[in-house]
Amino acid sequence: MVGLLWSMTKVSIGLLLRQAVDKGIEADDMSRLLFWSVAIALVGCVSGVLTGIRRYLAFREARLAEKRLRDQLFAHVQRLHFAFHDEAQAGDLMSRGNTDLQHLQNFVVMIPLTIANVMTVVGVTVILVLVDPFLAVVSLAALPLINVVAKRFGSRLFPSVMGIQRESAALATVVEESVAGVRVVKGFGAEDVVKTRLGSAADDVYRESMDAARIRASYLPALQLLPNVGLITVLGVGGHRVVDGSLSLGSLVAFNFYLILLIWPLRMLGMIIANGQRASAAAQRVAQVLSTDPDVVDAPGARSLPPGRGAVRFENVDFAYGGSDVGVEAGAPIPVLDGFDLHVEAGTSVALVGATGCGKSTVGRLIPRFYDVDSGRVLIDGVDVSQAKVDELRRSVGIVFEETFLFSDSIAANIAFADPEATQESIERAARLAGAHDFIVDLEHGYDSIIGERGYSLSGGQRQRIAIARAVLADPRVLILDDATSSVDPTKEHEIRDALGVVMEGRTTIVIAHRPATIALADRVVLLDEGHVLAAGTHEALLADNERYREVLAAADDVADDTGVSV
Amino acid sequence: MWMGAGVDEDDKLDRDAAKQILRRTYRMLRPHRRRMVFAGVLAALFTMSTLAGPLLVRTGIDDGIKVGDRAVINKVVVAYVVIAVLSYFVYRAQVVAISRIGEDFLKELRLRLFDHLQKMSMPFYDREKAGVVVSRMTSDIDSLSELVQMGLLMFVSNGLLLVVSILVLGAVSLKLLVLCMLALPPVIVASRKFQRDSNIAYLDVRDGIGATLSQLQEGISGVRVVQAFAREDVESSRFERGNRRLYDAHMKSVKISAWYLPVIEIAGLGTTAAAVGVGGFWVHQGDLTIGTVTFFVLTLSNLFEPIQQLSQLFNMVQSAGAGLKKVYELLDTEVDVPERPGAVDLPAGGEVEVRDVAFSYLDGTEVLAGVDLTIAAGERIALVGPTGAGKSTLAKLIARFYDPTAGSIAVGGVDLRDATLASLRRAMAVVPQEGFLFNGTLIENIRLARPDATDDEIGEAMASIGILDRFADLPDGLHTEVRERGSRFSAGEKQLVSLGRAALAAPEILVLDEATSSLDPGTEAVVERAMERLAEGRTTIVIAHRLTTAARADRVAVVAGGCLAEVGTHDELIARGGAYAALFAAWAGAQPV
């Protein structure tokens, strides 16, 4: 609506100009000249105000659409199952939530402008034809070419701009690496090697940038040239006709004015076409994520867990990664568990031991239903986890991952992640149990210290201890420790081990570990091999009777050195 | 003339800083002086050709159409065609010339900065956050490239167009120009206010984008933790709040341009109306020709466009200036481990002498004091001690990652500070605690240690420490691509690559930092063996985290509280019953089996 008014005012100014020249200056009528020039000024004001309103409305809609889509994308990604995230690259999701949405916004903002521009072009053409059909056809003949050139410009520039982005990313990788790996570079005196790499990356960026510059150099002048063709035609053909008396001078001036008015909308059309291609690719990539349904959702008639102390049972479970539809890109299924049976009595602890890839981490991930089993059942206190309410299930199961992830927030907020309402007392209690309290109070801001990417950098062991505290605070009925102490400094590990002993007391706990001292914390040890239970018993009993168990531990013999070593 | 207006605002850059940046940039551009003059001439020619069109229209109307002289009309048309064609080629050359200057400048800046970064020593990297250093080379220079790729061209051509338009308008009719200039004061006021407000809004938007992106990043990389604690809803609504702030910041900047653009447009059309109205009156009085009025109407549309575009360019210039300032600051950081003039090469086969060495951080915290230690050529020495006692620092001083604050470290009698950096790096290799892989293939990663090594030499080096089979068995063998910093390789395998580099470098002196965290058992044993074979026949300083490693060394040095507590063989120290014996006893007692 605003766009329509806007293009009307734009178009009418040329007509007013013609009136002012013909009726005022040419006819030597000063009162009419005054009238028409005041009219130009007034319409100019209206047009200006409309420009402002149009711009505001267009951007408001476009930004709102961008914001809503981003909210939606974030919420959706939060709900997508683990298998999806195993396949998806974080960087790729990031670019969908950022660059792709930007492309969409850039396009959406141009839609109302495009409509207004198209109306301007149509209006101008109609008026010119009405004023003088012959001159209109002759002078407009060159204008469609502008559109063609602009379109080609857009489509040729686009890959080149992408090339610049690609090469800049490659350059950034070289820089990031040489900073992150500075110890290697310095340690081997490899400064010249990385310099050469950077040099060739910088050359690539330069080459792509100059390619783009040359494309700009061949199209921009053409876009500049074509309107001149129209102006020249009007001057040549129109000029002679004014002399003939078949055209008024005012019409000639108006023609010139209109031709200049058309330049911008026509150039924009080319840009919009290029933008539209990019936006539709972006829209597809965003839709791809939004249309992936979360695999792990509440079953119809999902029930609450009954009160209990966390008895865990695996019944004949088969599981393979990539078995179900993982959304982004399915690989070949890799069988991990094969007829797996395990029973952990409420309040007892079990250590899962086995070589890398034997499936012990997977067992931990099936209990909170991060993945669904292919066949068989996983039960907590008698309820099949696939029939339990997902939220409730996950609140009842605490897990400490092998790779610690902490949020950019205060230490207190990180520990209280499961329960933001937690009191300072309970946060400190959890931190003490995880052996984290002492180093936390030594920090300048104590529990209020901001950690994560943009805050204090803590050591791997310190981060793991905060992650343990986070799980402890949730007070889960089942606790899973997936190699949770691997980065803890050997000097500190015995402290945590003592603390873990307290945490595990009377709580169903599943410990996944390499270090014998940690394994020994558990009531029972289960030895896994190729996806099923090979043997079970106490650490001592297995050590005495089981050849394979001794082998696995013997392979870890050197690892045993660092348990409890206080060097 | 409006460009300078916002720079004196104190938002980001003060006038002095801006001047300094300009001066320095000019110095860097000096070698390109000729090309700059050439580009300037081209830009001036192009601007003139842009204005020639309306001028020719004026002549055509006044001398041709009005007086009915068809010959003049034809001449004008021909002249216009010639000028249009010429301007096409001039413009083309101008775009290439300006882009080339800009891109050359960026490339040179990148190379210089990286060169400088490579000279910086370890203390610099310890002090600065990696992300900040990287952003100097990436986002700060990228903020310049936007300016170079579009802004510079727009800046030069619009600026020139503005100035030349005013000059030509004045030459044609000073009276009419003065009339039109009445519109300028409100435009200047509006432009200055726009620059100031939009700069503030722009900084807001930039902060908002940064915050939203890191929230997005965190939400994606932390999704497993969020789901494990069933906090999806809370995190989503937290994200919505941050996203809302970004939206508000965007809208604020839209509002600012939504009032500014109309002001310019109204001023432009108002001036057109005035030119027609008053100009027409003057035509009536016989002071002006109708061609002149037409010329004004056509040129005025060229006049207000540049003002608007220049104002919008301001943010780009501002952020580029801020980026340049940071880049220059980094270039000015002094290299703290420089090579002395007249440095000599390190002699081969010398012993390592640490004499009365002390080391403190910049803030005065003392890490080491009075350390004396002589390591014979070919000897293997293990440094043990609690975390933070200074054993890593001692090793880093020996590798000259840092210079000691007092005392000296010499190899074969030459103080490290008097040695050439090249000979030092040749003589010594440092294997850090964590294996680090660069993008590229495995073999390229190993070749890093000796760029001229052939594939066969690399294979031999790897075989010599028994790690060749481990990698040669991969489907692509040594040419396996290391993706995403080696995420497909285990920590142990990365460590092996690291040891492979050391084997290829074949240094006389080896500094090994043993990994603290546990590796998977299978690889652990291979790593141990490779380290053993690597250390054979070399002067080796190993920072030991495991007492078995210490027990295998020729001698053990216990670092405690910044001093050497004990030095001797494993057996001697056990017999002595001191700190080492206590550590060893505690360890033996903690064995679970």
| request: Could you check, for the range B:388-407, whether at least one of its residues is touching a residue at least 24 places away in the same chain (Cβ under 8 Å) and assigned to a strand (DSSP E or B)? | output: yes
| message | With the requirement that a residue be surrounded by fewer than 20 Cβ atoms within 10 Å (Cβ to Cβ) and within 30 Å of B:A97 (Cα to Cα), what does the range A:226-259 give you? | response | A:V229
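Name the helices (runs of 4 or more DSSP H) wholly inside the range A:423-482 in which the number of residues that are of a type outside the set (D, E) and under 23 Å from B:Q433 (Cα atoms) is 3 or more.
Numbers: elements: A:424-433, A:437-442, A:460-473.
In the range A:423-482, the matching helices (runs of 4 or more DSSP H) lie at A:460-473.
Does A:D100 satisfy being surrounded by fewer than 19 Cβ atoms within 10 Å (Cβ to Cβ) and either in a helix (DSSP H, G or I) or small (G, A, S) (or both)? Before you say what the answer is, go through the steps one by one.
Details: surrounded by fewer than 19 Cβ atoms within 10 Å (Cβ to Cβ): no; either in a helix (DSSP H, G or I) or small (G, A, S) (or both): yes.
No, not satisfied.
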| query | Considering only residues of the range B:253-289 that are without any contact (Cβ under 8 Å) to a residue 60 or more places away in the chain and of a type in the set (D, E, K, R), which is surrounded by the most Cβ atoms within 10 Å (Cβ to Cβ)? | reply | B:E265
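With the structure loaded, tell me whether B:V278 is farther than 30 Å from A:K23 by Cβ and either more than 13 Å from chain A (Cβ to nearest Cβ) or touching a helix residue (DSSP H, G or I) at 6+ places or on another chain (Cβ under 7 Å) (or both) or whether it fails that test. Write out each step before concluding.
Details: farther than 30 Å from A:K23 by Cβ: no; either more than 13 Å from chain A (Cβ to nearest Cβ) or touching a helix residue (DSSP H, G or I) at 6+ places or on another chain (Cβ under 7 Å) (or both): yes.
So B:V278 does not fit the description; no.
Being within 46 Å of the chain's Cα centre (by Cα) and within 12 Å of chain A (Cβ to nearest Cβ) is the filter here, so list the residues in the range B:558-582 that pass it. Spell out how you get there, then give the answer.
Here is the first cut: in the range B:558-582, the residues within 46 Å of the chain's Cα centre (by Cα) are B:558-567.
Within the range B:558-582, B:V558, B:V559, B:A560 qualify.
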| remark: Scanning the range A:452-472 for residues that are over 11 Å from A:T404 (Cβ atoms) and more than 10 Å from chain B (Cβ to nearest Cβ), the one modelled with the highest pLDDT turns out to be A:A469
| message | One residue is enough: does the range B:53-65 have a residue meeting the conditions touching a residue at least 24 places away in the same chain (Cβ under 8 Å), among the small types (G, A, S) and assigned to a helix (DSSP H, G or I)? | response | yes
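Residues checked against (1) facing another protein chain (nearest Cβ under 9 Å); (2) at pLDDT 85 or above:
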site	(1), (2)
A:A484	no, no
A:E495	no, no
A:D498	no, no
A:G501	no, no
A:T508	no, yes
A:I512	no, yes
A:I519	yes, no
A:V526	no, yes
| request: Could you pull out every one of the helices (runs of 4 or more DSSP H) wholly within the range A:178-291 that has 2 or more residues that are closer than 30 Å to B:A505 by Cα and at the interface with chain B (Cβ under 10 Å from one of its Cβ atoms)? | output: A:182-187, A:191-233
| remark: Scanning the range B:5-45 for residues that are among the β-branched types (V, I, T) and at pLDDT 85 or above, the one surrounded by the fewest Cβ atoms within 10 Å (Cβ to Cβ) turns out to be B:V37
| field | Lone unmet requirement of (1) in contact with a strand residue (DSSP E or B) (Cβ under 8 Å, 6 or more places away or on another chain); (2) at the interface with chain B (Cβ under 7 Å from one of its Cβ atoms) for A:A83 | value | (2)
| Pairs with Cβ under 6 Å, 6+ apart, first in the range A:396-415 and at the interface with another protein chain (Cβ under 10 Å from one of its Cβ atoms), second part of a strand (DSSP E or B) and not hydroxyl-bearing (S, T, Y) | A:V397/A:V478; A:G398/A:L479; A:I399/A:I480; A:V400/A:L481; A:F401/A:D482; A:L406/A:I451
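Could you say which residue among B:L169, B:L177, B:L246, B:L213 is among the hydrophobic types (A, V, I, L, M, F, W, C), more than 24 Å from B:S143 (Cα to Cα), without any contact (Cβ under 8 Å) to a residue 60 or more places away in the chain and assigned to a helix (DSSP H, G or I)? Break it down stepwise before answering.
Working: B:L169 fails: without any contact (Cβ under 8 Å) to a residue 60 or more places away in the chain; B:L246 fails: more than 24 Å from B:S143 (Cα to Cα); B:L213 fails: more than 24 Å from B:S143 (Cα to Cα).
Of B:L169, B:L177, B:L246, B:L213, the one residue that is among the hydrophobic types (A, V, I, L, M, F, W, C), more than 24 Å from B:S143 (Cα to Cα), without any contact (Cβ under 8 Å) to a residue 60 or more places away in the chain and assigned to a helix (DSSP H, G or I) is B:L177.
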| request: Would you confirm whether any residue within the range B:562-577 is modelled with pLDDT of 85 or more, farther than 22 Å from B:L442 by Cβ, small (G, A, S) and not in a helix (DSSP H, G or I)? | output: yes
| said: Only one of A:A65, A:A20, A:A39 is touching a Leu at 6+ places or on another chain (Cβ under 9 Å) and at pLDDT below 85. Can you tell me which? | reply: A:A20
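Taking the options B:G385, B:G370, name whichever one is over 33 Å from the mean Cα position of the chain (by Cα), on the phi > 0 side of the Ramachandran plot, in contact (Cβ under 8 Å) with a residue 40 or more places away in the chain and surrounded by 21 or more Cβ atoms within 10 Å (Cβ to Cβ). Walk me through it before giving the result.
Working: B:G370 fails: surrounded by 21 or more Cβ atoms within 10 Å (Cβ to Cβ).
Unique residue meeting the criteria: B:G385.
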| field | Flag if B:E493 is within 34 Å of the chain's Cα centre (by Cα), within 13 Å of another protein chain (Cβ to nearest Cβ), part of a helix (DSSP H, G or I) and over 24 Å from A:G460 (Cβ atoms) | value | no
| With (1) in a helix (DSSP H, G or I); (2) surrounded by fewer than 18 Cβ atoms within 10 Å (Cβ to Cβ); (3) out of contact with any Gly (no Cβ under 9 Å at 6 or more places or on another chain) as the list, and B:A71 as the residue in question, which single condition is left unmet? | (3)
| query | Given the conditions (1) closer than 30 Å to B:L310 by Cα; (2) over 26 Å from the mean Cα position of the chain (by Cα); (3) modelled with pLDDT under 85, and given that B:L203 satisfies all but one, which numbered condition is not satisfied? | reply | (2)
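Residue check: is B:E339 touching a Leu at 6+ places or on another chain (Cβ under 6 Å), in a loop (DSSP other than H, G, I, E, B), surrounded by fewer than 16 Cβ atoms within 10 Å (Cβ to Cβ) and at pLDDT below 85? Quick ask: steps written out before the conclusion?
Values: touching a Leu at 6+ places or on another chain (Cβ under 6 Å): yes; in a loop (DSSP other than H, G, I, E, B): yes; surrounded by fewer than 16 Cβ atoms within 10 Å (Cβ to Cβ): yes; at pLDDT below 85: yes.
So B:E339 passes the test.
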| Just one of the numbered conditions (1) modelled with pLDDT of 80 or more; (2) away from every other protein chain (no Cβ under 11 Å) is not true of B:P306; which one? | (1)
| query | Can you pull out the helices (runs of 4 or more DSSP H) entirely within the range B:76-151 that have at least 1 residues that are more than 15 Å from the chain's Cα centre (by Cα) and basic (K, R)? | reply | B:122-127
| Among the residues of the range B:412-429 satisfying the criterion of being closer than 13 Å to B:L510 by Cα and more than 8 Å from chain A (Cβ to nearest Cβ), which is surrounded by the fewest Cβ atoms within 10 Å (Cβ to Cβ)? | B:A427
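The values are calculated or read from the model by the stated rules, or taken from the named source; none is laboratory data. This one's a predicted model, so the numbers in the text were calculated from it and none came from an experiment. Note that we place each Cβ from the backbone using ideal geometry, even for glycine, and neighbour counts take in every protein chain shown.
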